[in-house]
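Step one of this worksheet: look at the structure below.
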Amino acid sequence: VAWSVRGTARGAADVGDGVDERSDAALLLASRDDPAAFVELYRRHAEDLLRYFARRTLDPEAAAELTAETFAEAFASRARYSYVNGVNGVAWLYGIARHQLGRFFRSGRIDADARRKIGLPLRELPPEDYERIEELVDFAPLRAALAEALETLADDQREALQLRVIDGLPYPEVATRLHCAETAARQRVSRGLRRLALVLRERGLTLAAEVD
Amino acid sequence: METRVRFLELLEEDFRMVAERETARKLSPPPRRALRWKTWLGAAASLLVLAFAIGALAQVGGRKEASPASGGSFSSAGAAFGGQEPGLAPGTIHRANGGSSYGSDTVAGKGSSQGGQTDLTKIVRDGAIALAVPDGTFKDNLGRVVAIAHTNGGFVLTSQTEGAATGTMTIRVPAAHFDRAFGQVGQLGTVESSSVTGKDVTNQYLDYRAHLQNLVGRRTVLRGLLAQTTTIGESLTVYNQLAGVQEQIDQLQGELRLLNDQVEESTLTVDIREESAPAGSSETNGAIHNPSLSRAWDRAIQGFFGIIATIIVGLGYLLPVAVIAGVVYAVVRLARRRGRATS
């Protein structure tokens, strides 16, 4: 399929009442000359990508950072995207996401190179987003596998995860039970989940959430 | 975007900002890249080299104008700063032309051929000249003497400077160009004294040649006798005589070679001093063969200031060019601005 970059990309721009009907590929191609088109691509796929990362890392902080870094990388390298290769826009985006995820699992940390390159601010996850991201993931199917892997964690992380993920308590209640601040409780759960995801991956366990 | 995750909303705002920034960057002309220090350094070095080149060319040009009687062009700007021709080590001879060659068994000698007859007249001509030059032109005139030597197919035999105002240079030029070189050197300044000596060595030369011819004939006979000897005693006797003759032949060939060199190339000793410098302070050859640390230091200082002076001369040439270029640039910019304002 040959793709007319400029003609198609601009020709199908905003239609009707502000809804951009261009395809993901068209948006990516148009974003070379009109960077604002990339924002539309972000609006379409940001939450799905966040869910994708959260289900695999079990860590809201890591998922948020990986989402930001993936979109930043896509923005920085959008000039290299070519529909002629038969890769549609969303597949290209998730290719970058898989690459980022692989690096995260290998190194245990998340790069910020692409964000720095394009001048994107490095943001921390707002407190209220921890629960919202967990809601996106729906940890219920994971509970059986988590119970087995919890034994491998440090006591404080396991206790935090037990209260939050298995018992399903809200963070204020978790903080009260752990005798710590709510922020500390969130971080303890977040880091415990990150550790848990790594352990599960090392053991070759398949999370039910990843099947979704 | 419909989401309950605040982080994603903030991220969308961030991407919107990045996109706007990129759009603005695409629309605005590319910013002029700040010149880094390396660029400035390179530009300054280039300017200095250019100024030096122009300064050196200017000085060579000045020498041409100062010596209208010279038969050729000055091919070297050397010896203007160091008191000695660059590349000319003390005691070494730099030839501009090839020298004479002699066959091992031939009778050395070279005469001028006129009307089918060989002129065997051999005259050794040497000269000396003492010049007073204007203050501040000593180095330039030293370089001009070098150029005169080269122009006339000769070379600098020795060079010595005392301070920055007096010096002596001995040059060798082909005898045929001696008069011309002598005249050219004499025009460099006020001639305080001069002398030309001519020594007729024709008889000596002819004697050497005749003797050499006899010895060569004797050697031929002895070689024939050596072949006819039948005993060891006879062979040794003839061989000893042959060795003696060969030695005499070698000596005579050396004498003839020396005579020919003296005849074919004349020596001209040039004493130069600036008018304010005391007369008779220069000593021929002394500094060259007895170098000292202080003299080397003096030369280094002279060389340093010589380079600086040359660069300053070059900058003097460049300055008006830079001013003109600046005016032209300003006019062009003004015209463009007015053109934009009108449109």
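Values for this structure:
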read-out: Amide H contacts of B:I123 (H built 1.01 Å from N, under 5 Å, at least 5 apart or other chain); value: B:V201
read-out: Distance (nanometres) between label positions extended 7 Å along Cα→Cβ at B:A300 and B:T121; value: 5.3 nm
read-out: Neighbourhood charge, 12 Å Cβ-Cβ cut-off, centred on A:G95 and excluding it, Lys, Arg +1 and Asp, Glu -1; value: +1
read-out: Rounded FRET efficiency, nearest 0.05, which uses the C-beta distance separating B:S195 from B:A243 and R0 of 41 Å; value: 0.35
read-out: Neighbour-count order for A:I118, B:I311, fewest beta carbons within 10 angstrom listed first; value: A:I118, B:I311
read-out: Placed amide H near B:T229: partners under 5 Å, 5+ positions off or other chain; value: none
read-out: Shielding by other protein chains, B:13-25, mean Cβ within 10 Å; value: 6
read-out: Placed amide H near B:E265: partners under 5 Å, 5+ positions off or other chain; value: B:A175
read-out: Ranking of A:S23, B:S195, B:S159, A:S77 by count of other Cβ atoms within 10 Å, fewest first; value: B:S195, A:S77, A:S23, B:S159
read-out: Projected label distance in nm at B:V49 and A:A184, using a 7 Å step from Cα toward the beta-carbon; value: 6.8 nm
read-out: Candidate aspartates and glutamates for bridging to B:K122, where Cα separation is under 13 Å - those fewer than 8 sequence places away on the same chain excluded; value: B:D200, B:D207, B:D261, B:E264, B:E265
read-out: Exposure proxy order (Cβ contacts within 10 Å, fewest to most) of B:S235, B:S294; value: B:S294, B:S235
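Bear in mind these aren't lab numbers, they're just calculated from the coordinates by the rules spelled out. What you see is a predicted model, and the numbers here were worked out from it, not measured in a lab. Virtual Cβ from ideal backbone geometry, glycine too; neighbours counted across all protein chains shown.
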